1. Build a GNM of the chain with springs between Cα atoms under 10 Å: which of Met100, Met127, Met144 gets the top mean-square fluctuation?
2. Could you work out Rg/(2.2 N^0.38 Å) for the chain, with Rg from alpha carbons only?
3. Could you work out the local net charge near Gly241, counting Lys and Arg as +1, Asp and Glu as -1, over the other residues with Cβ closer than 12 Å to its Cβ?
4. Projected onto the charge dipole of the stretch 111-246 (+1 at Lys/Arg Cβ, -1 at Asp/Glu Cβ, origin at the Cα centre), which of Ala235, Ser195, Gly133 gives the Cα projection farthest towards the positive end?
5. Rounded to the nearest 20 Debye, what is the dipole magnitude of the stretch 100-195 about its Cα centre when Lys and Arg each give +1 and Asp and Glu each give -1 at the C-beta?
6. Based on the Cα gyration tensor of the stretch 173-213, what are the three equivalent ellipsoid semi-axes, each the root of five times an eigenvalue, rounded to whole Å and given largest first?
7. If one computes P(r) from the Cα atoms of the stretch 153-234, what percent of pairs lie at distances over 23 Å?
8. Would you please report the Å³ per residue occupied by the convex hull of the alpha carbon atoms in the stretch 75-116?
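Every number here is computed from the coordinates shown, using simple stated rules; none is lab data. All values derive from a computational prediction rather than experimental measurement. Please note: Cβ atoms are built from the backbone with ideal geometry, for glycine as well, and neighbour counts cover all protein chains shown.
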Amino acid sequence: MFKDRTAIITGSSSGIGRVTAVAMARQGARILLVSNESIRILEALEEVRQFSPDSQAYEADVTSRACLAEMVRFAGQEFGTIDILVNNAGITKDNLLLRMKESEWDDVLSVNLDSVFFLTQLVLRPMMKARYGRIVNVSSVVGMTGNPGQANYAASKAGLIGFTKSLAREVAPRGITANCVAPGFIQTRMTDALSPTAREAILSQIPLGAIGEAGDVANAILFLASESAHYITGATLHVNGGMYMP
Ligand code: NAD
């Protein structure tokens, strides 16, 4: 499905990003894995290279525009074109709004939203020249529903949806699509910390009766990044077991 295609995937050292990188590599893409975790990213690269030997890893903090610019230069040198960008890196720093520190707000907005502006802007120029591109941004069900203790996270994830729709309108004439995937509760490091009671409460709200797996989200990302999705842009694909139906 992705033969001769190249993809940058942020946050690909673990969870959804890593599973997406492996799945895309299995389908023939060359991947540039990007993360701020030096050891984990090399482990992920080793797995990806089993299917896509020319793939590379780049350690970068996505909040640094300079670092991202360097990374995009590296991707250009290694791969020539960049066909697919998956903005997946994300963090949570939960707190009730009255107690939320400015740093908790800033950190979450900076990783989850500002970085997407930086990196998309950097990758867009070569995509526009090539008149081809697939941009997939990883939002969250929380961006649609809100969640107590997650005003910062919900704002960043809702912001991504508005950003993506505006971008989709701007770049459509150049053969570039931009879409979001909005996962519900997915079993990854991000949700590992949930107490058994919280987990039960969440499960009771999921009609399909199970917490999702990273592969469920990866499947949706792969579809939106594929040629088959050429007529879909500005959309948000919900992968949440039915817990939220827009
Ligand atoms: P994860 O913690 O396993 O992965 C997060 C990834 O982001 C890691 O690779 C980490 O290195 C990277 N990252 C974080 N800060 C970074 C920075 N400053 N610079 C570079 N890389 C950075 O979590 P996950 O569950 O796989 O999350 C992936 C995405 O899915 C996130 O955007 C998250 O908000 C979203 N999401 C997850 C769930 C869920 O239930 N797990 C639900 C909805 C949305």
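1. Comparing Met100, Met127, Met144 in the GNM, the peak value goes to Met100.
2. Working: Rg = 17.1 Å, N = 246, 2.2 N^0.38 = 17.8 Å.
Relative to the 2.2 N^0.38 Å estimate, the chain comes out at 0.96.
3. Details: positive: none; negative: Glu213, Asp216.
Once positives and negatives cancel, what remains is -2.
4. The Cα lying farthest towards the positive end belongs to Gly133.
5. Numbers: 10 positive and 7 negative charges, 142 e Å.
In total the dipole reaches around 680 debye.
6. Working: eigenvalues 185, 30, 9 Å².
Ellipsoid semi-axes (Å, largest first): 30, 12, 7.
7. Details: 1233 of 3321 pairs.
Of all Cα-Cα pairs in the stretch 153-234, 37 percent lie more than 23 Å apart.
8. On the way: hull volume 3.2 nm³, N = 42.
Hull volume normalised by residue count: 76 Å³.
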